[in-house]
Amino acid sequence: QVHLVESGGGLVQVGGSLRLSCAASGRTVSTWVMGWFRQAPGKDREFVSYINRGTTTYAASVQGRFTISKDNAKTTLYLQMNSLKPEDTAVYYCAAAETGGVLSWDNAYNYWGQGTQVTVSL
């Protein structure tokens, strides 16, 4: 079993920055794919970014503004979000994939955090 806990969400003005963290515990996830998804009110959950053995991939909507990373011990996942826009407002979820699949699809991930709210105001 893997337990994921997100933190770092909050209220920020347009153009501001936030850094989300996701602490993983339980089984070792150092070699797993880990990713971030988000869900805005009334919308489906959407892919944001994932990191796979050091290689990073981003949704087009966040490319160049968001940066995903893992710490050296590979127990914490981060998402640095810069130049935030109102359309970035959503609940952000951390996820871990043990076996892979289409990594931009949420059904590739086995474990999920509870989510952290990010609100970007004008």
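The values are calculated or read from the model by the stated rules, or taken from the named source; none is laboratory data. This one's a predicted model, so the numbers in the text were calculated from it and none came from an experiment. Cβ: placed from backbone, ideal geometry, glycine included. Neighbour counts: every protein chain shown. Keep in mind that these areas ignore ligands, DNA and RNA; they rest on the heavy atoms of the full protein, side chains included. Shrake-Rupley method; radii C 1.70, N 1.55, O 1.52, S 1.80 Å.
Under the condition of being closer than 16 Å to Asn110 by Cβ and either at pLDDT 95 or above or of a type in the set (A, V, I, L, M, F, W, C) (or both), the residues counted in region 6-38 number 9. Residues in region 1-44 that are closer than 24 Å to Thr75 by Cβ and charged (D, E, K, R): 4 in all. For beta carbons closer than 7 Å, sequence separation of 6+ or different chains, a first residue in region 103-122 that is free of Cβ contacts under 8 Å to residues at least 40 places away in the same chain and a second that is open to solvent by less than 20 Å² (accessible area, probe 1.4 Å) and assigned to a strand (DSSP E or B), there are no qualifying pairs.
Does any residue in region 13-37 that is over 20 Å from Ala59 (Cβ atoms) come within less than 6 Å, Cβ to Cβ, of a residue that is of a type in the set (A, V, I, L, M, F, W, C) and open to solvent by 20 Å² or more (accessible area, probe 1.4 Å) six or more places away or on a different chain, and which pairs are these? Sorted first by the residue in region 13-37, then by its partner, the pairs are Ala23/Val5.
For region 85-92, the criterion of a residue being more than 12 Å from the chain's Cα centre (by Cα), in contact (Cβ under 8 Å) with a residue 60 or more places away in the chain and over 19 Å from Val29 (Cβ atoms) is satisfied by at least one position.
Yes/no matrix, rows are residues, columns are (1) among the polar types (S, T, N, Q); (2) surrounded by fewer than 14 Cβ atoms within 10 Å (Cβ to Cβ):
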| position | (1), (2) |
| --- | --- |
| Val5 | no, no |
| Gln13 | yes, yes |
| Ser17 | yes, yes |
| Gly26 | no, yes |
| Thr31 | yes, yes |
| Pro41 | no, yes |
| Asp44 | no, yes |
| Asn52 | yes, no |
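Residues in region 81-122 that are open to solvent by 60 Å² or more (accessible area, probe 1.4 Å), touching a Lys or Arg at 6+ places or on another chain (Cβ under 9 Å) and either under 23 Å from Arg65 (Cβ atoms) or not in a loop (DSSP other than H, G, I, E, B) (or both): Ser83, Lys85.
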